[in-house]
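*Asks:* Take a look at this one; I'll ask things after.
The values are calculated or read from the model by the stated rules, or taken from the named source; none is laboratory data. This is a predicted model, so every value here is computed, not measured. Cβ sites come from the backbone with ideal geometry, for glycine too, and all protein chains shown count toward neighbours. When the accessible area is computed, the model is the full protein with side chains, heavy atoms only, and any ligands, DNA or RNA have been set aside. Shrake-Rupley method; radii C 1.70, N 1.55, O 1.52, S 1.80 Å.
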Amino acid sequence: MTEFSIGRSEIAGVVLAGGRSQRMGRDKAGAMLGAESLLRHVLTRLSQQVLPVAVNADAAAEDVPVIPDRFRGKAGPLAGIHAAMVYAAGLPGITHVVTVSVDCPFFPADLVARLAAALERQSQIAIAASEGRSHPVFGLWPVTLAADLEAWMVTDEKRRVRDFLLRHDVTEVTFPLHPTRASLLDPFFNINTPDDLAEAERWLEALRA
Ligand SMILES: Nc1nc2c(ncn2[C@@H]2O[C@H](COP(=O)(O)OP(=O)(O)OP(=O)(O)O)[C@@H](O)[C@H]2O)c(=O)[nH]1
Ligand SMILES: [Mg+2]
């Protein structure tokens, strides 16, 4: 067993809110869930776990720093993860960055704590999982990987997060389903379409009860 561990003061958080929201038909970050935008839900949940936080998006949003992609076109979530690493690498004392997706408003309240606890080596990446599926945009990444990721994105045109992870030392952390008044909620329930947004409204009610 190694004794590597990181404290919360060494971690920055970034909400991934890039992309085109094609299935939703309009910007997902600004979509309303209950009384607040999806971005506000996710920012609140993340900033309860880690500070500072920023948003990866093209447009200005809320009252937090906005970090745009450096890779344009079909770069996908990896462009956001790369921008997050570069941003966090520039912050004094920060060694890691945690990424979360703007379309996932119910992610676990102990996400950062459990991902950080799972890291045994400085070079390791921790990724969230639930129900037998991994959620590679929910990860805790060493900021020192920025240069490696940038080099890889230039050579690998598909730019899949899962392909990038195959090249690295990754540990998966499984999170349990969350009990609600209705039934068990997968905390990584993900909103892609207007129907998903309507389902999220029902989960929000079930969580409030
Ligand atoms: N930075 C960045 N993030 C992206 C990009 N494409 C998707 N994402 C992020 O990746 C995560 C999952 O993306 P999707 O659910 O496919 O979201 P999307 O691409 O906006 O929506 P669709 O157009 O319906 O696929 C979300 O956090 C998005 O913000 C991109 O080109 N750049
Ligand atoms: Mg997409």
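*Asks:* Run down Arg70, Arg159 and say which single residue is modelled with pLDDT under 95 and either surrounded by 18 or more Cβ atoms within 10 Å (Cβ to Cβ) or not in a loop (DSSP other than H, G, I, E, B) (or both). I'd like the intermediate steps shown before the answer.
*Replies:* Working: Arg70 fails: either surrounded by 18 or more Cβ atoms within 10 Å (Cβ to Cβ) or not in a loop (DSSP other than H, G, I, E, B) (or both).
The conditions single out Arg159.
*Asks:* Of everything in the stretch 162-188, what is among the β-branched types (Val, Ile, Thr) and exposed (fewer than 14 other Cβ atoms within 10 Å of the Cβ)? Give them in sequence order.
*Replies:* Quick first cut of the stretch 162-188, residues among the β-branched types (Val, Ile, Thr) only: 170-171, 173-174, 180.
Within the stretch 162-188, just Thr174 meets the criteria.
*Asks:* I would also like to ask the following. Within the stretch 88-98, how many residues turn out to be in contact (Cβ under 8 Å) with a residue 12 or more places away in the chain and either more than 25 Å from Glu120 (Cβ to Cβ) or open to solvent by 50 Å² or more (accessible area, probe 1.4 Å) (or both)? Steps first, answer last, please.
*Replies:* Of all residues in the stretch 88-98, those in contact (Cβ under 8 Å) with a residue 12 or more places away in the chain come to 88-89, 91, 93-98.
Among the residues that remain, those that are also either more than 25 Å from Glu120 (Cβ to Cβ) or open to solvent by 50 Å² or more (accessible area, probe 1.4 Å) (or both) are: 89, 93.
Matching residues across the stretch 88-98 total 2.
*Asks:* Here is a follow-up. Could you tell me whether any residue of the stretch 32-50 is of a type outside the set (Gly, Ala, Ser), open to solvent by 70 Å² or more (accessible area, probe 1.4 Å) and either touching a Phe, Trp or Tyr at 6+ places or on another chain (Cβ under 7 Å) or closer than 20 Å to Leu119 by Cβ (or both)?
*Replies:* Filtering the stretch 32-50 down to residues of a type outside the set (Gly, Ala, Ser) leaves 32-33, 36, 38-46, 48-50.
Within this subset, residues satisfying the condition of being open to solvent by 70 Å² or more (accessible area, probe 1.4 Å) are 32, 36, 45, 48.
Applying the additional criterion that residues be either touching a Phe, Trp or Tyr at 6+ places or on another chain (Cβ under 7 Å) or closer than 20 Å to Leu119 by Cβ (or both) yields 45.
So far as the stretch 32-50 goes, yes, one or more of its residues are of a type outside the set (Gly, Ala, Ser), open to solvent by 70 Å² or more (accessible area, probe 1.4 Å) and either touching a Phe, Trp or Tyr at 6+ places or on another chain (Cβ under 7 Å) or closer than 20 Å to Leu119 by Cβ (or both).
*Asks:* Go through (1) without any contact (Cβ under 8 Å) to a residue 60 or more places away in the chain; (2) hydrophobic (A, V, I, L, M, F, W, C); (3) crowded, with 18+ Cβ neighbours inside 10 Å; (4) part of a loop (DSSP other than H, G, I, E, B) for Ala126 and report which single condition fails.
*Replies:* Among (1) without any contact (Cβ under 8 Å) to a residue 60 or more places away in the chain; (2) hydrophobic (A, V, I, L, M, F, W, C); (3) crowded, with 18+ Cβ neighbours inside 10 Å; (4) part of a loop (DSSP other than H, G, I, E, B), Ala126 violates only (4).
*Asks:* Just a yes or no: is a residue in the stretch 76-83 more than 8 Å from ligand 1 (Cβ to nearest atom), closer than 23 Å to Arg26 by Cβ and crowded, with 19+ Cβ neighbours inside 10 Å?
*Replies:* no
*Asks:* Step by step: first the residues of the stretch 16-30, then only those that are charged (D, E, K, R) and more than 11 Å from ligand 2 (Cβ to nearest atom), then the one that is surrounded by the fewest Cβ atoms within 10 Å (Cβ to Cβ). Which residue is that? Don't jump to the end; show me each part of the working.
*Replies:* Taking the stretch 16-30 first, the residues charged (D, E, K, R) are 20, 23, 26-28.
Going one step further and asking which of them are more than 11 Å from ligand 2 (Cβ to nearest atom), we end up with 26-27.
Numbers: Arg26: 10, Asp27: 19.
The extreme case among them is Arg26.
*Asks:* More than 12 Å from ligand 1 (Cβ to nearest atom), open to solvent by less than 30 Å² (accessible area, probe 1.4 Å) and not aliphatic (A, V, I, L, M) - does that describe any residue in the stretch 56-63?
*Replies:* no
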